[in-house]
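Remarks on the structure that follows.
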Amino acid sequence: MLMNEDHPASCTLLASLVRASPATDWFSTAIRVGFTTNAVAASSGVPCGEHKVPGLPRDKTMITNGPGDCQVCAERIRDSLGDGEIFRIPSPGAFFGKYRDQETYNWSNNYHAVVVLNGRVYDAFTPKGGELIEEYKGRWEYGDIIDFGF
């Protein structure tokens, strides 16, 4: 099987299945074997697991006094990825504590919305390819007590 460290296993698996298939229609082959939009994209040369939302990721300095549109960003990221589940992370108390070494005391909605897909977390401040779940949780000052839900 082809292996590519830049793509999740499902993407490289699809690429090898498509190449091995006698069918001339690679898209139909991918659908028959039940792969996601991301896996289909990877086989056609589009980076798998990277969103294409303009203006993201934002600089971490925008965390404290940013626009407060995490839910909208999560929806745009999910739409760009073609899959994923949106989670609303509740504040563990009056505020979240620091995120990426930036204060969050101006966050007034008591939750933060993210997308989780294939073991990776995406928000307005993660790289376009997201971060592994444990890596993402480690970006929070109180990551050990926040109930992320994933």
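Taking 0.36 nm per residue of separation and subtracting the Cα-Cα distance, what length does fully extending A94 through E135 add?
On the way: separation 41, 0.36 × 41 = 14.76 nm, distance 2.39 nm.
Answer, rounded to one decimal: 12.4 nm.
Treating only the Cβ atoms of Lys and Arg (+1) and Asp and Glu (-1) as charged, compute the dipole magnitude of segment 46-150 about its Cα centre; round to the nearest 20 debye. Write down the numbers at each step before the final one.
Details: 12 positive and 16 negative charges, 42 e Å.
Roughly 200 debye, rounded to the nearest 20.
Near V121, within a Cβ-to-Cβ distance under 10 Å, what is the net charge of the other residues, with Lys and Arg +1 and Asp and Glu -1?
Values: positive: R120, K137, R139; negative: D123, E131, E134, E135.
Combined, the nearby Lys, Arg, Asp and Glu give -1.
Separation between the I145 and T61 pseudo-spin-labels, each 7 Å from Cα along Cα→Cβ, expressed in nm?
Calculated label separation equals 3.1 nm.
Show me the ranking of peptides 51-62, 73-84, 130-141 by mean Cβ neighbours inside 10 Å, starting with the highest. Let's see the in-between values first.
Details: 51-62: 14.0, 73-84: 19.7, 130-141: 16.2.
So the peptides 51-62, 73-84, 130-141, ranked by packing, come out 73-84, 130-141, 51-62.
Please give me the summed charge of the neighbours of G84: other residues whose Cβ is under 11 Å from its Cβ, Lys and Arg +1, Asp and Glu -1.
Values: positive: R78, R120; negative: E75, D79, D83, E85.
That sum, taken over residues with Cβ under 11 Å, equals -2.
Bin all alpha-carbon pair distances of segment 48-134 at 10 Å intervals from 0 and give each bin's fraction as a whole percent.
That works out to 18, 54, 26, 2, in percent per bin.
Could you sort F96, F150, F125 by accessible area so the largest value comes first, with the probe set to 1.4 Å?
Working: F96 5, F150 50, F125 30 Å².
Highest to lowest solvent-accessible surface, that is F150, F125, F96.
The values are calculated or read from the model by the stated rules, or taken from the named source; none is laboratory data. Everything numeric in this text was worked out from a predicted model, so none of it was measured. Cβ sites come from the backbone with ideal geometry, for glycine too, and all protein chains shown count toward neighbours. Just so you know, the surface numbers come from the protein's heavy atoms only, side chains and all, with ligands and any DNA or RNA stripped out. Shrake-Rupley method; radii C 1.70, N 1.55, O 1.52, S 1.80 Å.
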